[in-house]
Amino acid sequence: MKKYLLLSLLLPNLVLADAIFKVVDANGNITYTNIPTKGGKRIYLEDATVGADAPAKPKSTATASPASFPKVDTDTQKKRDAMRYQVLNQELADEQKMLDDSRKALMDPATKKLPIDKQSRIQESVTIHQKNIEALQKELAGVKEY
């Protein structure tokens, strides 16, 4: 019984001490394995911690642009942002009008006389316009107004 207890305490450390190999195939796909493979490179993990003891790594939100990536001056970017804001606002106004029209059609007494599938299509259009409005409002929240 004591053997099994001792073994269960040592087993996680033995697994961590096992060698890890990095293998890159002909297509550039990277595979990590604990089995030595032809062309694989052994990776040495120093000071590796697992689980709750592992330090949190800060996530980088910014990525470096390639040198060949075109640069845009501030005034041009402001004009683009202003145009985007105007376009999104116009789309939002159009969607709100279409939502109002769909709601009116849904509440029209003549609609109640239509077959169920046509009533369902009108209800679906209301739902679609509501979702579009939510998406546009979310998009507008992230745009700078100039």
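The values are calculated or read from the model by the stated rules, or taken from the named source; none is laboratory data. Remember, predicted model here, so these are calculated numbers, not experimental data. Don't worry about glycine lacking a Cβ; one is built from the backbone with ideal geometry, like all the others, and counts go over all protein chains shown.
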### Query
Do the conditions hold for THR61, that is, is it at pLDDT below 75 and closer than 22 Å to GLY142 by Cβ?
yes
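Collect the residues in the stretch 67-78 that are exposed (fewer than 12 other Cβ atoms within 10 Å of the Cβ) and either in contact with a helix residue (DSSP H, G or I) (Cβ under 7 Å, 6 or more places away or on another chain) or in a helix (DSSP H, G or I) (or both), keeping them in residue-number order.
Within the stretch 67-78, the first condition is being exposed (fewer than 12 other Cβ atoms within 10 Å of the Cβ), and the residues that meet it are 67-76.
Residues satisfying the conditions are THR74, ASP75, THR76.
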#### Entry: Residue list for the stretch 104-146, filter: under 23 Å from ARG84 (Cβ atoms), among the small types (Gly, Ala, Ser) and outside any helix (DSSP H, G or I)
GLY142
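Specify the residue that is nearest to ALA19 (Cα to Cα); the eligible residues are those in the stretch 32-49 that are at pLDDT below 75 and either not polar (S, T, N, Q) or not in a loop (DSSP other than H, G, I, E, B) (or both).
Residues of the stretch 32-49 that are at pLDDT below 75, as a first pass: 45-49.
Within this subset, residues satisfying the condition of being either not polar (S, T, N, Q) or not in a loop (DSSP other than H, G, I, E, B) (or both) are 45-48.
Values: LEU45: 9, GLU46: 12, ASP47: 14, ALA48: 13 Å.
Looking at the filtered set, the residue picked out is LEU45.
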